[in-house]
1. Please verify whether the range A:34-43 includes one or more residues that are more than 14 Å from chain B (Cβ to nearest Cβ), modelled with pLDDT of 95 or more, open to solvent by 10 Å² or more (accessible area, probe 1.4 Å) and part of a strand (DSSP E or B).
2. Taking into account only those residues within the range A:17-29 that are open to solvent by less than 10 Å² (accessible area, probe 1.4 Å) and within 14 Å of chain B (Cβ to nearest Cβ), which is nearest to A:R109 (Cα to Cα)?
3. Any idea how many residues of the range B:72-104 are over 12 Å from B:V37 (Cβ atoms), of a type in the set (S, T, Y) and modelled with pLDDT of 95 or more?
4. When the range A:10-32 is examined, which residues are found to be outside any strand (DSSP E or B) and more than 12 Å from the chain's Cα centre (by Cα)?
5. Please verify whether B:T20 is touching a His at 6+ places or on another chain (Cβ under 8 Å), open to solvent by less than 70 Å² (accessible area, probe 1.4 Å), of a type in the set (V, I, T) and farther than 24 Å from A:Y89 by Cα, treating the condition exactly as stated.
6. Looking only at the range B:28-50, which residues are open to solvent by 30 Å² or more (accessible area, probe 1.4 Å) and modelled with pLDDT of 90 or more?
7. Can you name the condition, by its number, that A:E14 falls short on among (1) of a type in the set (D, E, K, R); (2) open to solvent by less than 20 Å² (accessible area, probe 1.4 Å); (3) farther than 28 Å from B:S3 by Cα?
8. Where in the range A:51-113 are there strands (runs of 3 or more DSSP E), lying wholly inside it, with at least 1 residues that are open to solvent by 20 Å² or more (accessible area, probe 1.4 Å), within 13 Å of A:C23 (Cβ to Cβ) and within 14 Å of chain B (Cβ to nearest Cβ)?
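The values are calculated or read from the model by the stated rules, or taken from the named source; none is laboratory data. These figures come from a predicted structure and were not determined experimentally. Using ideal geometry, Cβ is built from the backbone for each residue, glycine included, and neighbour counts are taken over all protein chains shown. Ligands, DNA and RNA are excluded from the accessible area calculation, which covers all protein heavy atoms including side chains. Shrake-Rupley method; radii C 1.70, N 1.55, O 1.52, S 1.80 Å.
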Amino acid sequence: AAGVIQSPRHLIKEKRETATLKCYPIPRHDTVYWYQQGPGQDPQFLISFYEKMQSDKGSIPDRFSAQQFSDYHSELNMSSLELGDSALYFCASSFRSHQETQYFGPGTRLLVL
Amino acid sequence: GNSVTQMEGPVTLSEEAFLTINCTYTATGYPSLFWYVQYPGEGLQLLLKATKADDKGSNKGFEATYRKETTSFHLEKGSVQVSDSAVYFCALSDRRETSGSRLTFGEGTQLTVNP
C-alpha cells in the first residue's frame, strides 16, 4: 500500500539558511500534519491542513511557514535556521472520515550547522 | 491541556518475557488513544488504537485497553521478541468538529529485548 512520502530524507544547512521540506500524503488523504521530534524527545505538533486550509496550529515558530497545495501535498518552509532546529520532521496524513488515525512518513532529518 | 505520561525507560527484557508499558493521560472530553512504535532510524508506525472506553486495541500480539476510570492505556505483550526492540509512544487525539486532530505524545519508552 502507498505510504506517506517525504523529501528530502536528510538535509544539512548552515545557520541562517532556509530549508523546504516536502510531504506527499497517502492517495485520497485530505489532511496533512507536521511534527518536530528533537533528539531523544517525543514528536511535537507544528501545524495541520485540511483541504488546503490551515486547520490547526501548534508550537510552530514564526520563522516557519507551511501550506497545502491543490494536489494535497504540503511544504514546510523554514527560514533563518537555528542550531536548535536540528531535528526529525515528520509529516502525517489522514482521511476526513478517519481523521483520528494518522499515518506517518519516514521523516526528514535536518541538521543545522 | 492534554497530556500523556508514560513509564520511565529504558526497559530491558529477555526474549519471551511479559511486557507492560504504562500510559496515563489527561484530556478534556473523550480522546482516541494510540500506541505508535519507532524502530531505529525509521518513522512512526501505528501499532494499535482505541476510540472509546473499554475498547481493546490489538496488533502483532500487542494489546491495550482504554480505561476511562483510570485514564490509562497500558501496552502489554505476553511474549516479546528481539525484533520488538524499539521506542514505543503512547498518544492521544482530541476529537474536533473540524478536521485536524493533533496528536499529543508521551515521552516514549525505549524497549530492548535480549536473546
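1. Pass one, the range A:34-43, residues more than 14 Å from chain B (Cβ to nearest Cβ): none.
The answer is no; no qualifying residue exists.
2. Applying the first criterion (open to solvent by less than 10 Å² (accessible area, probe 1.4 Å)) to the range A:17-29 yields A:19, A:21, A:23.
Filter once more, keeping what is within 14 Å of chain B (Cβ to nearest Cβ): A:21, A:23.
Numbers: A:L21: 10, A:C23: 13 Å.
Selected residue: A:L21.
3. Of the range B:72-104, the ones over 12 Å from B:V37 (Cβ atoms) are B:72-74, B:76, B:78-82, B:92-104.
Right, trim to of a type in the set (S, T, Y) and you get B:72, B:79, B:93, B:98-99, B:101, B:104.
Add one more test, that the residue is modelled with pLDDT of 95 or more, and what stays is B:72, B:79.
Total satisfying the criteria: 2.
4. Let us first name the residues in the range A:10-32 that are outside any strand (DSSP E or B), namely A:14-18, A:25-30.
Matches in the range A:10-32: A:E14, A:K15, A:R16, A:E17, A:T18, A:I26, A:P27, A:R28, A:H29, A:D30.
5. On the way: touching a His at 6+ places or on another chain (Cβ under 8 Å): yes; open to solvent by less than 70 Å² (accessible area, probe 1.4 Å): yes; of a type in the set (V, I, T): yes; farther than 24 Å from A:Y89 by Cα: yes.
Judged against the criteria, B:T20 is a match.
6. Within the range B:28-50, the subset open to solvent by 30 Å² or more (accessible area, probe 1.4 Å) is B:28-30, B:39-42, B:45-46, B:49.
Matches in the range B:28-50: B:Y39, B:Q45, B:L46, B:K49.
7. Going through (1) of a type in the set (D, E, K, R); (2) open to solvent by less than 20 Å² (accessible area, probe 1.4 Å); (3) farther than 28 Å from B:S3 by Cα one by one, A:E14 breaks only (2).
8. On the way: elements: A:53-57, A:64-68, A:74-78, A:87-94, A:108-112.
Ranges flagged: A:64-68.
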